[in-house]
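Participant: Handing you a structure now.
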Amino acid sequence: ATPDEWRSRSIYQVLTDRFARGDGSPDAPCDTGARKYCGGNYRGLISQLDYIQGMGFDSVWISPITKQFEDDWNGAPYHGYWQTDLYALNEHFGTEEDLRALADELHARGMFLMVDVVINHNGWPGDAASIDYSQFNPFNSSDYYHPPCEINYDDQTSVEQCWLYTGANALPDLKTEDPHVSQVHNDWIADLVSKYSIDGLRIDTTKHVDKPAIGSFNDAAGVYAVGEVYHGDPAYTCPYQDWVDGVLNFPVYYPLIDAFKSPSGTMWSLVDNINKVFQTCNDPRLLGTFSENHDIPRFASYTQDLALAKNVLAFTILFDGIPIVYAGQEQQYSGDSDPYNREALWLSGFNTDAPLYKHIAACNRIRSHAVSNDDAYITTPTDIKYSDDHTLALVKGAVTTVLTNAGANAGETTVTVEATGYASGEQVTDVLSCESIAASDGGRLSVTLNQGLPRVFFPTDALAGSGLCEN
Ligand code: ABC
Ligand code: CA
């Protein structure tokens, strides 16, 4: 699918090994600290697509699918980032038929498949000195790799050419700038996309690959790709959009978490980085907006406050860009850093009554409804209409989102949001509480916040067909 076809999508990120088991065994233990396979696979994922769709997601990002080494003395490649063979599948996740069946089942539901891919390195169960390059397919000689060195993050050449890890489980770094290596990758991805009907890609370690190789890889793939440029500075991250359709929005991620992880946070650096991203990125609406992933501490590891969690999710889904929610966020999983943030979803019992499950569903639903009501919605930039230390009001098309970091213990306060675009006297409904208010002169909205909950307004008369607050 093209970048334009992805704009209105909403992505659910799973680690294939940790989402659902094909045998449905609901009690199978999964010790995150052990860093081993826990048994999730494509068949399991297929069996739980109702759970994903029930939250309003129409796209699923899965782990890298390629074959990995089997030795697991220092942790197994259950995450899929330690590949050894581009042309074979990781059989722990299923067969070719299983993966095709997943793509077919997603497509039958109108959903997209996004696959994580790694072109920066291979994986090896030992240190750099112990690597037997003949074991890799197709890059089976040290000639295809940079010599091992530790990355100096202040030097971009070093970021691209040194190795992410040289110690136990070394990640031998490919010479992606070599035209032959790049051509092999490009042929591989064109074939893979067509063989498994892949709709989009997440390109791992994008900042560690030379930019021209990323650019030609994205072109060869012929589908939307989002690059993992793991860096919080828009001046570093945005220029990658000259080479790849989208990037993960790390510049907004960091201040978003700082703003909402406690009532003592403030909105200022969030507002600042939003403005910088808008000024610097070629197409901010193609970035991936997220508040959790498998590399960073889960939001609930900072605070168990449900109101704060709801604010962060409302921002993630209703801000510009393509929202990405990491499996387990809806169950308020609280693992902190890797590997503890990779809890098995089946241990939640796939609980569709969980408060954040329902909250995510409402946010995704109003976003889809706004898209179907207004062709321009998805490309309309978010307008920050109000901000103070603890409050942020965002207007995007007909949706007004008012967020607060006051937390669940907070009492009632009122904020005035000017020029929302609503007509004077127009009734709008907060789709999270189903309470309605009227806009006054100039589209002024007087918004009452209580118990730290976010509010998401939409014109009452236009809610028909949304499945929200209609009775
Ligand atoms: C395993 C263990 C870890 C252990 C490690 C040695 O081995 O689980 O506990 O520390 C895969 C697995 C991991 C595994 C690694 C290494 O491989 O999933 O479990 O760790 O074997 C991607 C994937 C990630 C994957 C890989 C490797 C890459 O999402 O899951 O890991 O294929 C860097 C890379 C980034 C990579 C990430 C893990 O490491 O750039 O591509 N993610 C700074 C650096 C970043 C760096 C980040 C984390 O630290 O700039 O480049 O990411 O180490 C902001 C700044 C940022 C800064 C952050 C911390 O602060 O703006 O630049 O990021 O303010
Ligand atoms: Ca590299």
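Participant: Out of the stretch 325-334, which residues are within 16 Å of ligand 1 (Cβ to nearest atom) and either without any contact (Cβ under 8 Å) to a residue 12 or more places away in the chain or in a loop (DSSP other than H, G, I, E, B) (or both)?
Facilitator: 327, 328
Participant: Follow-up question, since we're still on this one. Please count how many residues of the stretch 251-275 are within 14 Å of residue 320 (Cα to Cα) and crowded, with 17+ Cβ neighbours inside 10 Å.
Facilitator: So in the stretch 251-275, the residues within 14 Å of residue 320 (Cα to Cα) come out as 251-253, 256, 270-271, 273-275.
In the following step, the residues that additionally are crowded, with 17+ Cβ neighbours inside 10 Å were identified as 251-253, 256, 270, 273-274.
Number satisfying all stated conditions: 7.
Participant: Which of the following residues is within 12 Å of ligand 1 (Cβ to nearest atom) and either more than 27 Å from residue 289 (Cβ to Cβ) or of a type in the set (Lys, Arg) (or both): 73, 124, 61?
Facilitator: Details: 73 fails: within 12 Å of ligand 1 (Cβ to nearest atom); 61 fails: either more than 27 Å from residue 289 (Cβ to Cβ) or of a type in the set (Lys, Arg) (or both).
It is 124.
Participant: Residue by residue through the stretch 162-181, note down the ones that are surrounded by 20 or more Cβ atoms within 10 Å (Cβ to Cβ) and within 12 Å of ligand 2 (Cβ to nearest atom).
Facilitator: Those that are surrounded by 20 or more Cβ atoms within 10 Å (Cβ to Cβ) and within 12 Å of ligand 2 (Cβ to nearest atom): 163, 171, 172, 173, 174, 176.
Participant: For the stretch 283-324, which residues satisfy the criterion of being away from ligand 1 (no atom under 16 Å from the Cβ) and β-branched (Val, Ile, Thr)?
Facilitator: Those that are away from ligand 1 (no atom under 16 Å from the Cβ) and β-branched (Val, Ile, Thr): 289, 303, 312, 316, 317, 322.
Participant: Only one of these conditions is not met by residue 383: (1) surrounded by fewer than 17 Cβ atoms within 10 Å (Cβ to Cβ); (2) farther than 24 Å from residue 8 by Cβ. Which number is it?
Facilitator: The failed condition is (2).
Participant: Let me ask something else. What number of residues within the stretch 194-222 are away from ligand 2 (no atom under 16 Å from the Cβ) and crowded, with 20+ Cβ neighbours inside 10 Å? Explain how you work it out, then say what you get.
Facilitator: As a first pass, look at the stretch 194-222 and keep what is away from ligand 2 (no atom under 16 Å from the Cβ): 194-202, 218-222.
Checking the rest, the ones that are also crowded, with 20+ Cβ neighbours inside 10 Å come to 198-202, 218, 221.
Total meeting the criteria: 7.
Participant: Output the residues belonging to the stretch 76-119 that are touching a helix residue (DSSP H, G or I) at 6+ places or on another chain (Cβ under 8 Å) and on the phi > 0 side of the Ramachandran plot.
Facilitator: Selection gives 80, 94.
Participant: Residues to consider are 448, 429, 413; find the one that is modelled with pLDDT of 95 or more, buried (at least 18 other Cβ atoms within 10 Å of the Cβ) and within 19 Å of residue 310 (Cβ to Cβ). Walk me through it before giving the result.
Facilitator: Details: 448 fails: buried (at least 18 other Cβ atoms within 10 Å of the Cβ); 413 fails: buried (at least 18 other Cβ atoms within 10 Å of the Cβ).
Selected residue: 429, the only one of 448, 429, 413 that is modelled with pLDDT of 95 or more, buried (at least 18 other Cβ atoms within 10 Å of the Cβ) and within 19 Å of residue 310 (Cβ to Cβ).
Participant: Shifting gears a bit: What is the residue count in the stretch 378-394 for residues that are without any contact (Cβ under 8 Å) to a residue 40 or more places away in the chain and closer than 22 Å to residue 283 by Cβ? Full working, then the answer.
Facilitator: Of the stretch 378-394, the ones without any contact (Cβ under 8 Å) to a residue 40 or more places away in the chain are 380, 383, 385-386.
Filter again for closer than 22 Å to residue 283 by Cβ, leaving 380, 383.
Looking only at that region, the number is 2.
Participant: Which ranges mark the strands (runs of 3 or more DSSP E) fully within the stretch 342-460 that have 3 or more residues being under 30 Å from residue 7 (Cα atoms) and β-branched (Val, Ile, Thr)? Break it down stepwise before answering.
Facilitator: Working: elements: 383-387, 391-396, 399-404, 413-417, 427-430, 435-438, 445-449, 455-459.
Answer list for the stretch 342-460: 399-404.
Participant: Keeping to the stretch 253-275, report how many residues are away from ligand 1 (no atom under 12 Å from the Cβ) and either without any contact (Cβ under 8 Å) to a residue 24 or more places away in the chain or over 18 Å from residue 452 (Cα atoms) (or both).
Facilitator: Narrowing the stretch 253-275 to residues away from ligand 1 (no atom under 12 Å from the Cβ): 256, 259-268, 270-272, 274-275.
If we keep only those that are either without any contact (Cβ under 8 Å) to a residue 24 or more places away in the chain or over 18 Å from residue 452 (Cα atoms) (or both) too, we end up with 264, 268, 270-272, 274-275.
Here the count works out to 7.
Participant: Also: Has the stretch 95-117 got at least one residue that is within 16 Å of ligand 2 (Cβ to nearest atom), in contact (Cβ under 8 Å) with a residue 12 or more places away in the chain and surrounded by 19 or more Cβ atoms within 10 Å (Cβ to Cβ)? So that I can check it myself, show each step before the final result.
Facilitator: Step one: of the stretch 95-117, the residues within 16 Å of ligand 2 (Cβ to nearest atom) are 117.
Keeping just the survivors that are in contact (Cβ under 8 Å) with a residue 12 or more places away in the chain gives 117.
Then keep just the ones that are surrounded by 19 or more Cβ atoms within 10 Å (Cβ to Cβ); that gives 117.
Yes, the stretch 95-117 contains at least one residue that is within 16 Å of ligand 2 (Cβ to nearest atom), in contact (Cβ under 8 Å) with a residue 12 or more places away in the chain and surrounded by 19 or more Cβ atoms within 10 Å (Cβ to Cβ).
Participant: While we're here: Of the conditions (1) within 16 Å of ligand 1 (Cβ to nearest atom); (2) closer than 20 Å to residue 60 by Cα; (3) of a type in the set (S, T, N, Q), residue 337 fails just one. Which one is it?
Facilitator: Unmet condition: (2).
Participant: State which residue pairs qualify: first residue at positive phi and inside the stretch 395-409, second residue surrounded by fewer than 21 Cβ atoms within 10 Å (Cβ to Cβ) and of a type outside the set (Gly, Ala, Ser) in any location, beta carbons under 6 Å apart, and separation of 6 or more residues or different chains.
Facilitator: 397/374; 397/377; 397/380; 407/263
Participant: Out of the residues in the stretch 169-185 that are in a loop (DSSP other than H, G, I, E, B) and touching a Pro at 6+ places or on another chain (Cβ under 8 Å), state the one that is farthest from ligand 1 (Cβ to nearest atom). So that I can check it myself, show each step before the final result.
Facilitator: Restricting attention to the stretch 169-185, the residues satisfying the condition of being in a loop (DSSP other than H, G, I, E, B) are 169-172, 175-178.
Narrowing the set further to residues that are touching a Pro at 6+ places or on another chain (Cβ under 8 Å) leaves 169-170, 172, 177.
Values: 169: 5, 170: 9, 172: 12, 177: 18 Å.
This residue is 177.
Participant: Please find, among 203, 131, 198, 151, the residue that is more than 15 Å from ligand 1 (Cβ to nearest atom) and either aliphatic (A, V, I, L, M) or touching a His at 6+ places or on another chain (Cβ under 9 Å) (or both). Before you say what the answer is, go through the steps one by one.
Facilitator: On the way: 203 fails: more than 15 Å from ligand 1 (Cβ to nearest atom); 131 fails: more than 15 Å from ligand 1 (Cβ to nearest atom); 151 fails: more than 15 Å from ligand 1 (Cβ to nearest atom).
Answer to the check: 198.
Participant: Inspect the stretch 123-143 for any residue being aliphatic (A, V, I, L, M), within 16 Å of ligand 2 (Cβ to nearest atom) and within 30 Å of residue 57 (Cβ to Cβ) and give the result as yes or no. Before the answer, list the steps.
Facilitator: The first filter runs over the stretch 123-143 and keeps only residues aliphatic (A, V, I, L, M), leaving 128-129, 131.
Now restrict to residues that are within 16 Å of ligand 2 (Cβ to nearest atom): 128, 131.
With within 30 Å of residue 57 (Cβ to Cβ) added as a condition, the list becomes none.
The answer is no; no qualifying residue exists.
Participant: Considering the stretch 89-116 alone, what residues qualify as being outside any loop (DSSP other than H, G, I, E, B) and closer than 21 Å to residue 131 by Cα?
Facilitator: Listed by number, the list is empty, since nothing qualifies.
The values are calculated or read from the model by the stated rules, or taken from the named source; none is laboratory data. Just so it is clear, the model here is predicted, and its values are computed rather than measured. Using ideal geometry, Cβ is built from the backbone for each residue, glycine included, and neighbour counts are taken over all protein chains shown.
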